[in-house]
Every structure is written in structure tokens, then in C-alpha cells.
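Trainee: Starting off with a structure, shown below.
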Amino acid sequence: MSRMDDFLMTQLQGANVVPLAMALVNLTGDESVLGRIKPYVKGAWDHLEKVPDELAREIRCQMCQVLSTRQQGGVMDITGQGSMSSDLLQRMMSVSVGEVVDESYVHMLAQHMGLTLATPEDQLEPTEMPPKRKQRLSAIVVGAGASGLCAAIKLQKAGLDVKILEKNDQVGGTWFENVYPGCAVDTPNHFYQYSFEPNNDWPNYFSKRDSIQDYLLKCAQKYYLLEKTYFHHEVLSASYDEEMATWGVTARNVTGESIAFRANFLVFAVGQLNRPMTPEINGLSEFDGQVVHTAQWPRELSVTGKKVALLGTGASAIQVGPAIAEKVKDLYVLQRSGSWISRRPNIDREVSNEKKWVLNNVPFYAAWYRFQLFWAFGDGLFEALKIDRQWQGGAESINPLNAAIRQKMIAYLSSELGDRRDLIEKVTPKYPPFGKRVLGDPGWYQMLRRSNVSLETEPIEAFDRHGVTLKGGKHLALDLLICATGFRATEMLWPMQVTGANGVNLHQQWSIDGPRAYLGITVPNFPNLFILFGPNTNLGHGGSAIFLAECQMRHVMSAINHVIRTSQSSVMCTQEAHDAYNQSIDSKLSELSWSHPSVSTWYKNAEGRIVTNQPWKLVEYWHLTHGIKVEDYLFS
């Protein structure tokens, strides 16, 4: 072996062999490798790969030879085959995740990989406006989180004059605001990122808050968005001017002054999880200790040596608990119901330098690796959400796959908690898996075994000056209450006042049965207004919110593109399209896990309607939002 070959083989040890094999097919056109690895791939997660060592070495050696021949003059040629049959791509996807993948995924993945399956109609973003329109078309984006930055980048690319209004003093949204101990992403970072701005150098597979915030800040800097962002500007109201076909927006700046803005298009990118929910508890105002919400964590707060109660067992709770358990004197977990928590591969692992090299230098490898993550943490789980009316699972499960996943999670929590039968009984949820989002375990079960941690399942009676009394009479002396109690998710765009055509108030329009929108993006009576992460777009089963934002912005840009091409001034979905879509999602949601009688969740409003989650697979929503149906919109 040459010195270069030695180097390449060393780096290729960092590659997962299945996506490496897929990249090999892309680069060489040799399909024989598919048949060789297919018998050993039983799932999309890297820990499920059972490819024999000898075969894995052969694949690495083949890739080494390919890369070595592409090394010319010290510069790696990283181009690959620019075209591929849809049948082959579908077969490759199926082999890569160990099960049949429907043909509906072909165009989505081909576009992501830059293959020539995509048709000209797929290029929906306007790249250049007619000169007469360019100077007067503008957009306001409310929110500078991951969705807001995505919106601003796409709008700016189209040539619109963009302003971002952000209530905080930095970009990042939830990743700027949440600084509680242990804060991290629960979707793999190599999937939780912009497809147009891939980062192959994440320090961890599930990176901490600081790394994600740094990524978003770098994206904002690269696309010159900081200069277009009005920080410390909290939007109070927005009103549509029908004669001018523009939106007037009023924001309050850091001095309390009201500032007026105006633009042709208005994009709300404030999300569903941006206004913390602090519960009303009897006597809490009398408590002498400190009360904090995880989403409003004081940066100077120290928990060392304190007697702490953690209220909640959801996503933020299971991160903050293990992060502080060693520091506090006592930690009382106040649980209303248990959460389904699974072992998450790589959750506490750093990404090796060799893996980073492969992601950056082996053509097509990153795309295939991300497709495996897409499947494992998204669409590959979707069948487990469907309620089988003939299934006799009761409150425990809803179909055979759901039951099988439940048994695996029961086995995992039992192995973690060992002989603590008392804890096993307490933490096991009374509803089927995926009734609420399944959480990755950052050490929650091990934390519960600690001598200074107590899991309390008795309801709260009342707080007093010194702590809290539970219904059974037990009193807990406390210094600090941590509320991991979520957000006002069903009160979307609250407390902003939004007035559309004919003076229609958005919250009044939504007052009948909660927020609704066509595709979760547009609303009748509100021209030129778009919502990202709006009604019924939350990914309850898994997936990436950034993927969702890109889908939605592709649709938004398709609508704006039509306005530009036809020299119109406004676009708004029809009432008929809106109503038909919402009837469809209500019907589909009734067949999914969140509608099971045993499930009580923040996904539902006071009337019991699911207003947050979408009923679609990720690929289905990708197709639904890939371009507008002109007949579903009114243009003027």
C-alpha cells in the first residue's frame, strides 16, 4: 500500500459501511455490492449494521481504490455520477435501511443528492425578479430562529428586500433562549441542519446547545442576515392594507418605543414552542424559594447544594435532571405521567476525526448517511403510529409494530433500573408508544437510581413558604422549583394581534376550534401572510424541524414566484382548499396514536382537537409542499 492508501484506509475506518457502500455504487455504477450487503442490513441505525468484518474491509478497500485514482495533483476529485435510474436509486434506498422504501422517496433524495432525476419544475425558487418589481417587493420575517433564518435566506436569494424582527438580542430562537444544563438536540445533528448549508464537523452526534447556536449564528453571518435583523424588536401587531397590498407591522424596541415597518409579504417564524407555560399551582406565590422555567433559565443560576424539585418528565426535564443530579443536595422529580424513553445510539458520543473526514471527502457518503438518519428518526417509525382498530392492545399498544417497540423500550428501562421494581412501575407510561414523542435517554434512568433523587408520583396539594405538600401529606422542603412544563403551544402567534383583509382578526377566526391553516402555512382572509411551523405541522413521531422549514419555504417561494411571474400583488389560499385540507388532516389524525383514548397531551386544545401535530410522513409533506396548486390560491 502507498502512503496515500494507508491514509485513506485509516480515514475510512470512521465510515459506517452501509452508506459507504451506497456511495460506492454512486461513484462506480457497480450494483453488485447491493446484493452482497443486503442480507446483513436489518435497520437504518448504525448499531444495527451486521455486515461481516471481511465484507466491510472489502468495501473500504474498493472505496480506497476509487478515491486513490481520483487523487490528482494533491487535489481530490469528489465528483460522481450525475445521473441514475429511479429504479436503482429506490433499490439502494431499500437496501440502505433494510426494508422496502416506496418510490415516493426517489425524487426527494435525488434532488438532495444533486442527481439529474429532478425535473425543471422542481426548481421553484425565483432566482431573479423583473427589474420593475425588484425595487418594490419586500418581506418581513418575524423571528430569527432556525425557521426564520431559513425564510430570510430563501427570500433574499429571490431578490426581495428582507427585514427580520427579533425580540431577543441575538439570532437562534429556541437555541439562544434555552441555556438550561444539559440542553441538546434530540435529533441527530447531521439531519438537524440546513440541506443547503451542511455541516460535517459537528463535535457530537447529538450536539449541545452551544454548538447548534454557533451553527445558526455562522449561517446568519454567511448570508449577511445580522445587518438585516432588528434585534430587541418584539412584534405587537400586524395589519394588512388591501389597497396597497402590504403588511404594516408594529414592534416595540428595547426602549419601549413602537416602531412601524411595512412590506409586501409577511412571514411568521416564531414557532409553536416560544412562550413558556408556567403552571398555576395552589400557594406557589407564597413559596420563598426560586422558581425558574427551563426555557427562561438564569445564566447565573447555581444549583449546587440546593434542595430542588423538578416539575415535569418531558424533553427538557430528562435533559436537565441528569445534568444537575450530581450537584444538588436533593432532587425531587414531580411526575404526573411517565414518558417513553429509548436508548438513543450515539447520544453521548463525539464524532471522530475520521468520521468527519469521510463526511467531508467521500462523495455521496454524507447524503446516504443522512438518509439513514431520516429513516431511523422519522419515516421509518411512522407505521408504529397507526391505530389498528382490530388490535387488542388496550392502553398499552395500538398495532403489532407499536407493541414490539414497546417491548424493546420496556426491556431497556428494566435493564437500566435493575432491581428497582418500584421505579419500573412508576416510570412505565400508561399509554402506547408515540402517544407522546419518544425521548432519547441522556441518563434519566441512571439518575433515578441515585440516592439523592426521589421520584414522586403523588399529585401536588399546595406550595407554602418552605416547599410543597403532596396529596398524600408528604412535605418536601425546597430551595428551588424547576418548571419543565412546556409551552403555550396551542396559542399560536399569541400575544400578537394580526388583522387581515376586511378587518378580520386572526385569533377571532381561530377562536371556534383553534388554529388552522392550509398546509399549516396560509390562512384565508390573510393575503401575503405565511406561517412557518404553524398549525398541525409539529413532528410528533420524530424528524427535523429544519427539514420542515425548508419544505414550507419551498412552498412559500413557489407562491411568491407565481405572484412575480403573473405581475400580481397578492396571494391567499382559498377557503375551499383550506377547509378540504383541514377535514383531511382531522380524519387522518383520528387514526394516529395521539388520538388514542389513553393519551392526554399538549398536542390537543381545550376542545380536544389536535392542533399542533401533522398526520403526514416527512416525504408526504415534502410532496404536498413542493409547489403550489394554482387552483388552491386566489391571486390579485
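The values are calculated or read from the model by the stated rules, or taken from the named source; none is laboratory data. Computed from a predicted model, the values in this text were never measured in an experiment. Cβ atoms come from the backbone with ideal geometry, glycine included; neighbour counts cover every protein chain shown.
Trainee: From the list Met496, Met492, which residue is within 30 Å of Gly321 (Cα to Cα) and within 32 Å of the chain's Cα centre (by Cα)?
Mentor: Met492
Trainee: Considering each of Asp210, Asp214 in turn, give the residue that is surrounded by fewer than 18 Cβ atoms within 10 Å (Cβ to Cβ), over 15 Å from the mean Cα position of the chain (by Cα), free of Cβ contacts under 8 Å to residues at least 60 places away in the same chain and within 17 Å of Arg349 (Cα to Cα).
Mentor: Working: Asp214 fails: within 17 Å of Arg349 (Cα to Cα).
Residue meeting the stated conditions: Asp210.
Trainee: For Val333, are the conditions met, namely being under 18 Å from Asn204 (Cα atoms), modelled with pLDDT of 95 or more and not small (Gly, Ala, Ser)?
Mentor: no
Trainee: Is it fair to say Ala366 is at pLDDT 95 or above, buried (at least 17 other Cβ atoms within 10 Å of the Cβ) and not hydroxyl-bearing (Ser, Thr, Tyr)?
Mentor: Judged against the criteria, Ala366 is not a match.
Trainee: I need every pair where a residue in segment 5-19 that is within 15 Å of Val351 (Cα to Cα) has its Cβ under 8 Å from the Cβ of a residue that is assigned to a loop (DSSP other than H, G, I, E, B), sequence separation at least 6 or different chains.
Mentor: Pairs found: Leu12/Val362; Gly14/Ser352; Ala15/Val362.
Trainee: Can you name the condition, by its number, that Gly542 falls short on among (1) in a loop (DSSP other than H, G, I, E, B); (2) touching a strand residue (DSSP E or B) at 6+ places or on another chain (Cβ under 9 Å)?
Mentor: Here Gly542 clears every test but (2).
Trainee: Here's another thing I want to ask about it. Among the listed residues Ala325, Ala315, identify the single one that is in the same structural domain as Trp444 (by TED's automatic domain parsing), more than 27 Å from Gly143 (Cβ to Cβ), surrounded by 14 or more Cβ atoms within 10 Å (Cβ to Cβ) and of a type in the set (Gly, Ala, Ser).
Mentor: Going through Ala325, Ala315 in turn, just one is in the same structural domain as Trp444 (by TED's automatic domain parsing), more than 27 Å from Gly143 (Cβ to Cβ), surrounded by 14 or more Cβ atoms within 10 Å (Cβ to Cβ) and of a type in the set (Gly, Ala, Ser): Ala325.
Trainee: Among the residues of segment 565-579, is there at least one that is under 16 Å from Gly435 (Cα atoms) and β-branched (Val, Ile, Thr)?
Mentor: So far as segment 565-579 goes, no, none of its residues is under 16 Å from Gly435 (Cα atoms) and β-branched (Val, Ile, Thr).
Trainee: A further question follows. Quick check on Gly472: is it of a type outside the set (D, E, K, R), more than 31 Å from the chain's Cα centre (by Cα) and modelled with pLDDT under 95?
Mentor: yes
Trainee: Here are the criteria: (1) crowded, with 17+ Cβ neighbours inside 10 Å; (2) closer than 21 Å to Ser85 by Cβ. Tell me which single one Ala44 does not satisfy.
Mentor: Looking at each condition in turn, Ala44 falls short on (2).
Trainee: In segment 591-636, how many residues are farther than 19 Å from Gly271 by Cβ, of a type in the set (Phe, Trp, Tyr) and out of contact with any strand residue (DSSP E or B) (no Cβ under 9 Å at 6 or more places or on another chain)?
Mentor: Of the residues in that region, 1 qualify.
Trainee: Moving to a separate point now. Out of segment 511-541, which residues are surrounded by fewer than 21 Cβ atoms within 10 Å (Cβ to Cβ) and either within 27 Å of the chain's Cα centre (by Cα) or without any contact (Cβ under 8 Å) to a residue 12 or more places away in the chain (or both)?
Mentor: Ser511, Ile512, Asp513, Gly514
Trainee: Kindly provide the set of residues from segment 588-630 that are closer than 18 Å to Arg554 by Cα, charged (D, E, K, R) and either assigned by TED's automatic domain parsing to the domain that holds Ser104 or without any contact (Cβ under 8 Å) to a residue 60 or more places away in the chain (or both), ordered by number.
Mentor: Lys629
Trainee: For segment 376-395, what are the residues that are out of contact with any Gly (no Cβ under 6 Å at 6 or more places or on another chain), part of a helix (DSSP H, G or I) and at pLDDT below 90? Before the answer, list the steps.
Mentor: Kept after step one, since they are out of contact with any Gly (no Cβ under 6 Å at 6 or more places or on another chain), are these residues of segment 376-395: 376, 379-380, 382-395.
Going one step further and asking which of them are part of a helix (DSSP H, G or I), we end up with 376, 379-380, 382-385.
Across segment 376-395, the qualifying residues are Ala376, Asp379, Gly380.
Trainee: Still on this structure, I have one more. What are the residues in segment 276-298 that are of a type outside the set (S, T, N, Q), in contact (Cβ under 8 Å) with a residue 60 or more places away in the chain and not in a helix (DSSP H, G or I), if any?
Mentor: Pro276, Met277, Pro279, Ile281, Gly283, Phe287, Asp288, Gly289, Val291, Val292, His293, Trp297
Trainee: Among the listed residues Ser94, Ser147, identify the single one that is outside the structural domain of Ser544 (by TED's automatic domain parsing), part of a helix (DSSP H, G or I) and either crowded, with 17+ Cβ neighbours inside 10 Å or modelled with pLDDT of 90 or more (or both).
Mentor: From the options Ser94, Ser147, the qualifying one is Ser94.
Trainee: Also, I was wondering about something else. Pull out all pairs, ordered by first then second residue, where Cβ-Cβ is under 8 Å, the residues are six or more apart or on different chains, the first lies in segment 349-369 and is closer than 18 Å to Gln111 by Cα, and the second is assigned to a loop (DSSP other than H, G, I, E, B) and small (Gly, Ala, Ser).
Mentor: Pro363/Gly80; Phe364/Gly80; Tyr365/Ala15
Trainee: Here is a further query. From the list Gln583, Gln552, which one is touching a strand residue (DSSP E or B) at 6+ places or on another chain (Cβ under 8 Å) and either modelled with pLDDT of 95 or more or part of a loop (DSSP other than H, G, I, E, B) (or both)?
Mentor: Gln552
Trainee: Here is a list: Val630, Val599, Val611. Which entry is among the hydrophobic types (A, V, I, L, M, F, W, C), out of contact with any helix residue (DSSP H, G or I) (no Cβ under 6 Å at 6 or more places or on another chain), at pLDDT below 95 and farther than 30 Å from Phe371 by Cα?
Mentor: Exactly one residue qualifies, and that residue is Val599.
Trainee: For Leu334, work out the one condition from (1) more than 30 Å from Glu458 (Cα to Cα); (2) buried (at least 19 other Cβ atoms within 10 Å of the Cβ); (3) not acidic (Asp, Glu) it doesn't fulfil.
Mentor: (1)
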